[in-house]
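The values are calculated or read from the model by the stated rules, or taken from the named source; none is laboratory data. Since we're looking at a predicted model, the values are computed, not measured. Note that each Cβ is placed from the backbone with ideal geometry, even for glycine, and that neighbours are counted across all protein chains shown.
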Amino acid sequence: MTIPWVTVWGFGADIKSTKDSLLVRQDGKVTRYPFDEVSHLLIAGGHSLNTVVLERLAEHRISVSFFDVHGKPVGGLYGEGGPRLSAAQREIPVHKFAMATIQASLGERMRFLNELAESDSSGLFYKGELDILNAARDELNFLVTLPEIGRVFSFTKAMYYEILSRAVPQTLGYHRRVLPPYPDPVNAMFSHGYAVLYATFALACTGAGLDLSRGALYGVIEPVPGGRGACVLDLMEPAMVPMVDRVIVKMAAGGALEGKYEATGRCILSEELKTEFTSRLHEAINPALIEENVQRYAGAVKNGGDVVLHY
């Protein structure tokens, strides 16, 4: 059975290999992963990595993604072939491509909030909030400048995460999306889930010949240090709701997080919770659908057609 990804998260793991297996020693436990069962390795945080491991991963065509401990992308090894569409990406109409990402992501967020509101008898929205979101969505069609559409994007995204907090138990301490270190399990799980989603998109983008550093929304309107992963972030933005957020909210609302984390300044998820979360992400993240959207995006870069992102 192929493992979609193996994650090594936190600090202090020792990553080595034998001729046919990846070995991860963490917290006194050694886990063996046969190379012929692994397709992607995600490393986040501070660990010890033997360089021969990278050689053997390359030999077996296993991709590697690197993140800091909070899930911020810092690099990756995604196989052979350069970004053949880099020159074409420099010429894309930024407004059109950025607008496609914003409209698709706002649509996914509003659909999810409406679904949650329908199942919440106490009322998810405060008075006027839904009207504000609908007005912002309608306003997008008339915005011309990049700062204007960036303002609407940032405002509606922040509003989404705040409204989402009402769908999870207050005892979890989640109120909105915040910067790391994350004080609550919901923010910590967002970070973990988005890192996994990023790695899956980065692999698909590399295969399509896209330059991962050249985005439209991210890297131009929304700053990304060095443009790192801007194209990946553009493509994954609308997929965050159906492939990550739904999983987390369902787990939180169902009590699956209770007693499975430590929140002392920086929230630490238990191994049991991380295992269950990873299993549910395996079911929710759809590589075939990701590949389909990435290929359509690459086609629009090459041929100048419409950008269609639908998850």
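Does the range 199-217 hold any residues that are surrounded by fewer than 24 Cβ atoms within 10 Å (Cβ to Cβ), touching a helix residue (DSSP H, G or I) at 6+ places or on another chain (Cβ under 7 Å) and of a type outside the set (A, V, I, L, M), and which are they?
Correct list: 209, 211, 213, 214.
Which members of the range 180-194 meet the condition of being surrounded by fewer than 22 Cβ atoms within 10 Å (Cβ to Cβ) and aliphatic (A, V, I, L, M)?
Within the range 180-194, none qualify.
It is to be established whether one or more residues within the range 115-133 are among the hydroxyl-bearing types (Ser, Thr, Tyr), touching a helix residue (DSSP H, G or I) at 6+ places or on another chain (Cβ under 6 Å) and under 18 Å from residue 241 (Cα atoms).
no
Here is a yes/no grid of residues against (1) outside the structural domain of residue 216 (by TED's automatic domain parsing); (2) in contact (Cβ under 8 Å) with a residue 12 or more places away in the chain; (3) of a type in the set (Phe, Trp, Tyr); (4) closer than 13 Å to residue 167 by Cβ:
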site	(1), (2), (3), (4)
103	no, yes, no, no
106	no, yes, no, no
123	no, no, no, yes
132	no, yes, no, no
135	no, no, no, no
139	no, yes, no, no
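Given (1) farther than 26 Å from residue 94 by Cα; (2) touching a Phe, Trp or Tyr at 6+ places or on another chain (Cβ under 6 Å), where does residue 271 come up short, assuming only one miss?
Of (1) farther than 26 Å from residue 94 by Cα; (2) touching a Phe, Trp or Tyr at 6+ places or on another chain (Cβ under 6 Å), only one is false for residue 271: (2).
Condition (residue is farther than 30 Å from residue 298 by Cβ and either within 20 Å of the chain's Cα centre (by Cα) or among the hydrophobic types (A, V, I, L, M, F, W, C) (or both)) applied to the range 91-108: is it met by at least one residue?
no
Can you find, within the range 219-277, the residue that is surrounded by the most Cβ atoms within 10 Å (Cβ to Cβ) among those that are part of a loop (DSSP other than H, G, I, E, B) and of a type in the set (A, V, I, L, M, F, W, C)?
Checking each candidate, the answer is 257.
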